Amino acid sequence: MNRRRFVTITAQTSLALSLLGFEACKDGNKKSKVEKNDTSLFFKISLAQWSLHRTLFDKKMDHLDFATKSRGFGCEGLEYVSGFFKDKAQDISYLSEMKSRANAEGQQNILIMIDGEGNLADADITKRIKAIENHHKWVEAAEFLGCHAIRVNLAGGANKEDAIKASVDSLSQLSEFAKGSNINILVENHGGFSSNGEWMSQVFSQLKNENCGTLPDFGNFCIKKDEEQNCLEAYDKYKGMQELLPFAKAVSAKSYDFDAEGNETTIDYHRMMKMVKDIGYNGFVGVEFEGNNLSEDKGIELTRDLLIKVGKQLT
C-alpha cells in the first residue's frame, strides 16, 4: 500500500473512531492529570514496552493493554516495540484500537522500536535496500498512531568504514521517505558498531537529514558479547552518552538493578541526566527496565522514582 492511499484510509477510520471515543478520551485525560509526574521536571516520562517483555512474551498481558499499564505507573508516553505487534503494521483496525486506547488513557504515542526488518548497515546492497523498504510500513504505522519517530538499528556491518558508508546511505534514504510523514528516524546504541559512541558520531556528522537522530540508551554500550550474552567488549557509557546526545531526539533510561536507597547499581543516573539537561534536551525520557532480580513492575517503579528524584535535584 502506498503512503497516500494508506493515509487516506486511516484518516477516514480515525474520524469515525474519534467521534465514538470523544467522551472516553476526555475522561481518560481527566484521570491521567492526577497521576502524571511532577510538571516541574525538565523532561516528561514515557514507558518503553520492552520493560514488560517477560510479561508480554509469557502472554500474561495483551499488547493492547499497554496504554492502561503505562498510565498506572504515572507515565505520559508510550514507546512501542514492533515485535509485539509485528503482523499488525498495516492492520488499520488494530492500529486504530491502539490509538483509541492511548487517547482514552491520556497517553501520547511517542515512537515504535523496530527490530527484525533487516540490517541497515549490511555490505550487501540488495539486502540493505530490502531492509530499507521493510521499514516503510513502520513509518506509515507510526504516522497513523501519532508518533514522532521510529527507532531503527544499524546492524550487519563487518568493516567500520564500510559500515559507516552503508549506514549513512540507508538512513538518508529512509529519512527522505519518512520526511513526508513527519516521522523521525532514530538510531539507538544497540550492540556492535552502534554501541561505539565515536563510530555513531562519525555516522551522524555526515547526515544532512533534519529528521534523523539518535536515541541514546544509558546502558546499551556493549560492543561484543559471548554466547552466554556476557559482555566481552564495552564502551565507556558516559563518553558514549556525550557523543550521542548532540543528535538526540529521544532518550532511554535503561536500568538493571537497584540498591537499598533506590539508586541504579551500574549507572549513575544523576550524571546521565545532568548530561541530558546540559545538552538542552527536554522531551520524553523512556523508562526501560531490563533486570532479572526484580519483578518488571517493581523495576519500572524504581526507575521512574529515580528519574523523578534526580530530575527534581537537577531542576
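The values are calculated or read from the model by the stated rules, or taken from the named source; none is laboratory data. What you see is a predicted model; the values in this text were computed from it and never measured. Reconstructed Cβ throughout: ideal geometry from the backbone, glycine too, with neighbour counts over all protein chains shown. Heavy atoms of the whole protein, side chains included, go into the accessibility calculation; ligands, DNA and RNA do not. Shrake-Rupley method; radii C 1.70, N 1.55, O 1.52, S 1.80 Å.
Criterion first (at pLDDT 95 or above, open to solvent by 70 Å² or more (accessible area, probe 1.4 Å) and either within 30 Å of Ile308 (Cβ to Cβ) or within 23 Å of the chain's Cα centre (by Cα) (or both)) does Asp65 satisfy it? Criteria not met by Asp65. Within the stretch 152-191, the set of residues being more than 19 Å from Ile125 (Cα to Cα) and either open to solvent by 10 Å² or more (accessible area, probe 1.4 Å) or of a type in the set (Ser, Thr, Tyr) (or both) comprises Lys179, Gly180, Ser181, Asn182, Asn184, His190, Gly191.
Yes/no per residue for (1) within 20 Å of the chain's Cα centre (by Cα); (2) farther than 14 Å from Ser46 by Cα; (3) of a type outside the set (Val, Ile, Thr):
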| residue | (1), (2), (3) |
| --- | --- |
| Cys231 | no, yes, yes |
| Phe247 | yes, yes, yes |
| Ala253 | yes, no, yes |
| Glu264 | no, yes, yes |
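Report whether or not Asn196 is touching a Lys or Arg at 6+ places or on another chain (Cβ under 7 Å), crowded, with 17+ Cβ neighbours inside 10 Å and not hydrophobic (A, V, I, L, M, F, W, C). Taking the combined requirement at face value, the residue does not satisfy it.
Does Lys298 fit the bill of being closer than 30 Å to Glu210 by Cα, open to solvent by 60 Å² or more (accessible area, probe 1.4 Å), of a type outside the set (S, T, N, Q) and assigned to a helix (DSSP H, G or I)? Against the criterion (closer than 30 Å to Glu210 by Cα, open to solvent by 60 Å² or more (accessible area, probe 1.4 Å), of a type outside the set (S, T, N, Q) and assigned to a helix (DSSP H, G or I)), Lys298 does not qualify.
Conditions (1) touching a strand residue (DSSP E or B) at 6+ places or on another chain (Cβ under 8 Å); (2) within 27 Å of Cys212 (Cβ to Cβ); (3) crowded, with 22+ Cβ neighbours inside 10 Å, marked per residue:
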{"residue": "Arg71", "(1), (2), (3)": "no, no, yes"}
{"residue": "Cys75", "(1), (2), (3)": "yes, yes, yes"}
{"residue": "Leu78", "(1), (2), (3)": "yes, yes, yes"}
{"residue": "Gly83", "(1), (2), (3)": "no, yes, no"}
{"residue": "Lys86", "(1), (2), (3)": "no, yes, no"}
{"residue": "Ser93", "(1), (2), (3)": "no, no, no"}
{"residue": "Ser96", "(1), (2), (3)": "no, no, no"}
{"residue": "Ala102", "(1), (2), (3)": "yes, yes, yes"}
{"residue": "Gln108", "(1), (2), (3)": "yes, yes, no"}
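If only residues of the stretch 212-236 that are surrounded by fewer than 19 Cβ atoms within 10 Å (Cβ to Cβ) and among the polar types (S, T, N, Q) are counted, the one that is modelled with the highest pLDDT is Asn230. Checking the stretch 131-140 against the condition returns no match, with no residue being open to solvent by 60 Å² or more (accessible area, probe 1.4 Å), part of a helix (DSSP H, G or I) and either touching a Ser or Thr at 6+ places or on another chain (Cβ under 8 Å) or under 30 Å from Thr315 (Cα atoms) (or both).
Would you confirm, using the coordinates I've provided, whether Lys69 is in contact (Cβ under 8 Å) with a residue 12 or more places away in the chain and over 23 Å from Asn134 (Cβ atoms)?
Numbers: in contact (Cβ under 8 Å) with a residue 12 or more places away in the chain: yes; over 23 Å from Asn134 (Cβ atoms): yes.
When the stated conditions are applied, Lys69 passes them.
Does the stretch 275-289 contain at least one residue that is hydrophobic (A, V, I, L, M, F, W, C), closer than 30 Å to Ile183 by Cα and open to solvent by 40 Å² or more (accessible area, probe 1.4 Å)? Within the stretch 275-289, one or more residues are hydrophobic (A, V, I, L, M, F, W, C), closer than 30 Å to Ile183 by Cα and open to solvent by 40 Å² or more (accessible area, probe 1.4 Å).
Can you tell me which residues in the stretch 260-295 are assigned to a helix (DSSP H, G or I) and more than 16 Å from Lys309 (Cβ to Cβ)? If the condition is that a residue be assigned to a helix (DSSP H, G or I) and more than 16 Å from Lys309 (Cβ to Cβ), then Met275, Asp278 are the ones that fit.
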